[in-house]
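For reference, the structure discussed in these notes is given below.
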Amino acid sequence: MLTVCPWSRPLWGALLLVGTLSGMSGFGAAPMSGKKPLDMKTILSWSLPTEVALSPDTKHVAVVVRTTDWEKSRYRYELRLLSVSDGTSRLLLPPGKDIRHLQWRPDGQALAFITDRTGWTEPEDEAKDEKETFPQVWVWRTDGGLPQPVTDLPRGARAFRWAPDGRALIVLTEYPKPAAEKEYERYRKKRKLDEEVVDREKYPRAFVRVPVEESPSRPTPEWLYVGDFGIEDFDVHPREPWLVFATNYTGKPDDMMRFDLWVLDIPAGTARPLTDAPGFELRPRFSPDGTKLAFLALWDPRYSYARTDVVVLTADWARLDRPVPREQWQFVSAVTDAEARDFRWLPDDRLAVQAEKGVWEWIFEVRPGVSSYGILLGDQRVVQTFDIVPTKPDPWVAVWENAETLPDVWVLSAKGEPRRLTDLNPDFRDYALAPQRVIQWTSRDGKTIEGIFVEPLTPPPPGPKPPLLVAVHGGPNARVANTLRQYLYFQFFAAHGYAVLAPNFRGSSGYGHAFAIANFKDLGGGDFQDILAGVDYVVAQGWADPERMGIFGGSYGGYMTNWAITQTNRFKAAVSMFGIFNLITDFSNSYLPSWEPDYLGDYYWNDLETYLKHSPALYVRNVQTPVLIIHGKEDPNTFISNSKEMYQALQFLKKTVEFVVYPREEHGLREPQHKLDEMRRVLAWFDRYVRGQPRYWLEDEVEAEGWKLRVVAWKPLADEMAAPRPSSPEGSAYELELILTPTSQAKADLTLVVWKEGLSDFQVETSDGTVLLPTAILEKLWGTTAYLEGRDLAWHLARGDGRGLPRSYAIRLAFRVPKEGTTPPMFRLRGFPAVFLATP
């Protein structure tokens, strides 16, 4: 019997995931709370505040919120205005391209910012416009209306500050080429004379004054000063016609240690150096009365990775005719021995300093000439950003997170407890979190090392210990903070049954100056021993199975992964993400080549032995660990040649290796779809080689007996008929779409039973063990989707057509699911491994 029922709309696809039967409990079997385990797409979909700006009257806070556009695989940014009193929100700019550098006018009557968009609600196509566009400054006025661009600079806006009277903006831009030169370049390009001379195509940085009147919306800028190629940041004096800017002179990222401060006399259009000490001086900021200047600098300029401190100049520096010597600088945040990242001025010459302290990030209060400090915001918090009005420091706002919460905007006041102003991810409460805590252990030379340990979301049954993944951070002058959000997403792996150890080995930031420089000339030495000591500690506590361990990391974490598998066979699998393989190769290709001599003490032509001794490439023949290599194709930092060399060597050595390259990506993956794919591949690699039990997910390829199966969709069927069919049980209708393809190894055709005597080769098993059979076949008939029911039906799939050429078969089936569980159902096709019907 065959029943044909047309549906009202065509079928469209959705994502799906795949896994084996034995891995069912590994995907965070439903916790006792009934909450769902975290999946990667949910994690990447979190809305996150990226910047805040508190209005001068402290009644409103402007917030930039990042959201995820899965269709176009990019992040979008919106601008909101929140009431500090009750959190009510107003959308100022809808989701679109990046928004940054929020700044209120001194009187609070306007908000300025920089954005890359060209219109308020313009469509953003993937293809680039024929005309190159640049970011501009926009202004929103509090008396009404929409934000509008106020600059149309040929090379865009890099930074800006309000003039003290609020009537103009001082904007940092690039000085464009003369019209005749640009026309000549266009002429040459038409003739295919489009060669590029490296480091030649540069534009000098310049300051312009842009009036901000009621009209016109885009006034004519006044050019104030054309400088060198390296000007990056600046501040305008609140009373005098000066500004102070930071420059490294060249604009090269590798010249970070050359940043000095200069003073620009705006009316005269002349500049003179304020500092010329070794190391960098960055982020100059005047005190509210203009008598002092604060900036960021290194405690010990011999090391680019020394502790960063807040420095204050209190002398009459503006009148000096020579740079202020370093001996006259006051390192006001040094008393905390914490890694300063940002700061704001407070009344009475005090400063609020955002700084890393171990796995946390706090707000300290310091003052020039005082050897003690206070903590404005501490405890178990990792502050991402904050803002304080210097003349009215109560209330103030901050964005923080930790191991139990996502970033939100909070209001702080001396009058009471912190008050959360936003709840950007209310669905977050529906998800279960694995236990995550801070642990410490003693390394082999007696140093105390700290790290993060995450237990599996669902503990294993009595007897076996869980597998362990060692997550190595980059830098090495960086660290792992105790938050849910990480580049390596520990909670994601914990949801899939893994324990995770993330060590802050020597050389990490946030543990004081001596710790930060402890791996000078010792890459892969003491820091590697710190990691192994952490592994030994976790195993000794009975928290992990020493026979099932993997290691992974990106950048320096990739280097450490590469190093580890050349030094030990303790790890059953490794994932190297944009890591260093050969230190000479890295120096020769990176846009930050000074990293190697900074850490190794010299250039390779002066000390070849040290470069070779610390390069994983020298020991590549020792590798026995299966390794997955991941790299962005456009990475200018750890150039892709590192991973290419490693892959080539391991192939010739006949080792187990896979190399995945992502187009358009630089140092670390940024496109959401790429990041989702990366984490899926990492999980699959560890499942196969650490757990020894591969699990398959939606869109994974599963092979059996020479046939390939790919489940491409598992989604609710919309627009159902009002009454369920008699032959279908009550429940929600779902569509399953799969593709079967024979390979050259297929030795036989495939016959699959859809229905026969109450049995089927196509089955869906729910989390409670219920087995569901197809209720219908979905087919295209007469331009619509038809619902086909019957009995004693089987498909015969031939390996090829009449000429022997292979072919693929697309199959769409309908299922009735009684209820949705916290663990995704699995699809079983006779002869094939089971497939999780979800994204990991």
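The values are calculated or read from the model by the stated rules, or taken from the named source; none is laboratory data. Not measured: the values here are computed from a predicted model. Cβ placement follows ideal geometry from the backbone for every residue including glycine, while neighbour counts extend to all protein chains displayed. Remember, those area values only see protein heavy atoms, side chains included, never the ligands or the DNA or RNA. Shrake-Rupley method; radii C 1.70, N 1.55, O 1.52, S 1.80 Å.
Points to keep in mind about this one:
- Violating pairs (Cα-Cα greater than 32 angstrom) within the set LYS36/LYS654; LYS756/LYS780; LYS521/LYS655: LYS36/LYS654
- Anchor LYS192: lysines whose Cα lies under 18 Å away (excluding residues fewer than 8 positions away in-chain): LYS182
- For the chain, the longest principal axis of the Cα atoms and the long axis of helix 179-190 meet at an angle of about 30 degrees.
- Considering only LEU412, LEU92, VAL771, and ranking their Cα positions along the charge dipole of the chain that arises from unit charges at the beta-carbon of Lys, Arg, Asp and Glu, the one farthest toward the positive end is VAL771.
- Inter-centroid distance (Cα atoms) of region 44-77 relative to region 168-237, Å: 29
- Over the chain, dividing the summed -39,500 (n - 2.57) contributions of all DSSP H runs of at least 4 residues by the number of residues returns a 222 nm mean residue ellipticity of -3500 deg cm²/dmol.
- Hz values of 3J(HN,Hα) by residue in region 544-552 - Karplus curve (6.51, -1.76, 1.60), Gly and Pro given as x: 7, 8, x, 8, 9, 9, x, 9, 7
- Between VAL771 and TYR184, full extension at 0.36 nm per residue minus the direct alpha carbon distance yields a gain of 204.1 nm.
- Taking the chain and dividing mean pair separation by its residue count, relative contact order in percent (alpha carbons under 8 Å, at least six apart): 12
- Based on every Cα atom in region 559-693, Rg and the maximum pairwise Cα distance Dmax equal 15.0, 49 Å.
- In region 209-297, GluC sites (Glu not before Pro) in a DSSP loop with at most 11 other beta-carbon atoms within 10 Å: GLU213, GLU214
- Net charge, TYR175 excluded, C-beta distance under 13 Å - Lys, Arg +1, Asp, Glu -1: +3
- At most 16 other Cβ within 10 Å, DSSP loop - trypsin sites (Lys or Arg not before Pro), region 412-442: LYS415
- Spin-label model, LYS59/LEU653: points 7 Å from Cα along the beta carbon direction are separated by 6.8 nm.
- Rotationally averaged projected area of region 434-693 (alpha carbon convex hull; nm²): 13.0
- Centre-to-centre separation between the Cα atoms of region 612-638 and those of region 130-163: 44 Å.
- Mean projected area in nm² (Cα convex hull; one quarter of hull surface) for region 438-522: 6.3
- Between the Cα long axis of helix 672-686 and the first principal axis of the chain there is an angle of about 60°, rounded to the nearest 10.
- Listed residues HIS101, HIS796 arranged by accessible area, highest first, probe 1.4 Å: HIS796, HIS101
- Using a Förster distance of 60 Å, the FRET efficiency for ILE739-ASN569 (Cβ separation, nearest 0.05): 0.95
- Ranking by accessible area, most exposed first, for TYR734, TYR249, TYR603 with a 1.4 Å probe: TYR603, TYR249, TYR734
- A 1.4 Å probe run over the protein chains yields, for the chain, 43 Å² of accessible area per residue, whole-number rounding.
- The alpha-carbon positions of region 347-496 define a convex hull whose volume is 165 Å³ per residue.
- Using the Cβ-Cβ distance between ILE439 and GLU240 with R0 set to 60 Å, the FRET efficiency from 1/(1 + (r/R0)^6) comes to roughly 0.70.
- Our analysis of the chain gives Rg over Rh at 1.00, with the two radii drawn from alpha carbon positions and Rh computed by the Kirkwood formula.
- Computed magnitude of the charge dipole of the chain (debye, nearest 20; Cβ of K, R +1, Cβ of D, E -1): 1360
- Judged by the ratio a/c of the largest to the smallest principal axis of the C-alpha gyration tensor, region 284-431 counts as prolate, that ratio being 1.5 or greater while a/b is larger than b/c.
- Net length available on complete extension from LYS72 to TRP605 is 187.3 nm, with 0.36 nm assigned per residue and the Cα-Cα distance removed.
- Charge context of PRO273, other residues only, Cβ under 15 angstrom, K/R +1, D/E -1: -1
- Check: region 434-693 dipole with +1 on Lys, Arg Cβ and -1 on Asp, Glu Cβ, in debye: 760
- What the phi angles of region 245-250 give under the Karplus curve with 6.51, -1.76 and 1.60, with θ = phi - 60°, is a coupling list of 10, 9, 8, 10, 6, 9 Hz, glycine and proline written as x.
- Share antiparallel - DSSP beta bridges, the chain, percent rounded to 5: 85
- Between TRP120 and SER372, the contour length at 0.36 nm per residue exceeds the Cα-Cα span by 85.9 nm.
- Relative to the Cα centre, the charge distribution of region 242-337, modelled as +1 at Lys and Arg Cβ and -1 at Asp and Glu Cβ, gives a dipole magnitude of about 80 debye.
- Relative to one another, the C-alpha centroids of region 89-103 and region 546-609 are positioned 39 Å apart.
- Pairs exceeding 22 Å between alpha-carbon atoms, taken from LYS72/LYS189; LYS72/LYS633; LYS41/LYS572; LYS35/LYS572; LYS97/LYS715: LYS72/LYS189; LYS41/LYS572; LYS35/LYS572; LYS97/LYS715.
- Site pair LEU759 and LYS819 shows an inter-label distance of 3.1 nm when each label is modelled 7 Å from Cα along Cα→Cβ.
- Shape category assigned to region 309-360 from the gyration tensor of Cα positions, a/c cut at 1.5: prolate
- Shape call, region 409-486: gyration tensor on alpha carbons, a/c limit 1.5: oblate
- Whole-percent carbon and sulfur share, accessible surface of the chain, 1.4 Å: 50
- GLU455 exposes around 60 Å² of accessible area when a 1.4 Å probe is run over every protein chain in place.
- FRET E, pair ARG141, ASP194, Förster distance 60 Å, beta-carbon r, rounded to 0.05: 0.85
- Placing unit charges on each Cβ (+1 for Lys and Arg, -1 for Asp and Glu) gives the chain a dipole about its Cα centre, and among PRO467, ALA516, PHE259 the Cα reaching farthest toward its positive end belongs to PRO467.
- Our summary of shape: the Cα atoms of region 206-291 have principal axis extents of 45, 30, 21 Å, ordered from largest down, in whole angstrom.
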